[in-house]
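Report on one structure; see the data block that follows.
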Amino acid sequence: MTPHSSVTADEATVLADLTELLARLMEDEYGLGDIPIGPHTTFNRDLELESIDLVTLAGLLQERYGDRVNFAEFLAGMEFDEIVELTVGRLVQYVAASLKAAGAS
């Protein structure tokens, strides 16, 4: 799939996209495949991602969605505790809202 091709703001689609990106990240960085990832999965506790992994994820999101999704800006608006407890579902909501806003503009 090419970047930006028929991306909708539908949360189920975004969840599938993020699950794929995270699975690729876990496989590439840690050799871990088949890790269950869902809306309640936390980046810190469940996936044990380091801050450098979040930078990699930001790059993957940029590759997939372009400038419509700014992961760094999303994180910058959070307190440390919120980042530690960040779930895949919360990121899905942010990405879906960003795509919807970009589509409406």
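The values are calculated or read from the model by the stated rules, or taken from the named source; none is laboratory data. Everything numeric here is computed off the predicted structure, so don't read it as measured data. Don't worry about glycine lacking a Cβ; one is built from the backbone with ideal geometry, like all the others, and counts go over all protein chains shown. The area values use the complete protein model at the heavy-atom level, side chains included, leaving out ligands, DNA and RNA. Shrake-Rupley method; radii C 1.70, N 1.55, O 1.52, S 1.80 Å.
Structural remarks
- Values (1) -0.67, -1.24; (2) -0.72, -1.24; (3) -0.58, -1.44 are given for comparison; log10 I(q)/I(0) by the Debye sum over Cα atoms at q = 0.15, 0.23 Å⁻¹, derived from the coordinates here, is the one labelled (3).
- Apportionment of accessible area to carbon and sulfur, the chain, percent (1.4 Å): 53
- Residues considered: Val69, Val55, Val92. Largest GNM mean-square fluctuation over the chain, using C-alpha springs under 10 Å, is found at Val55.
- Value of [θ]222 nm, deg cm²/dmol, for the chain, DSSP H segments ≥ 4, -39500 (n - 2.57) each, nearest 500: -19000 deg cm²/dmol
- The residues of the chain have, on average, 59 Å² of accessible surface per residue, using a 1.4 Å probe with all protein chains present.
- With both labels modelled 7 Å from their Cα along Cα-to-Cβ, the Ala76 to Ala104 distance reads 2.3 nm.
- The range 1-102, relative contact order in percent, only Cα pairs under 8 angstrom and at least six apart counted: 44
- Efficiency of FRET from Cβ geometry, His40 and Gln62, R₀ 22 Å, rounded to 0.05: 0.30
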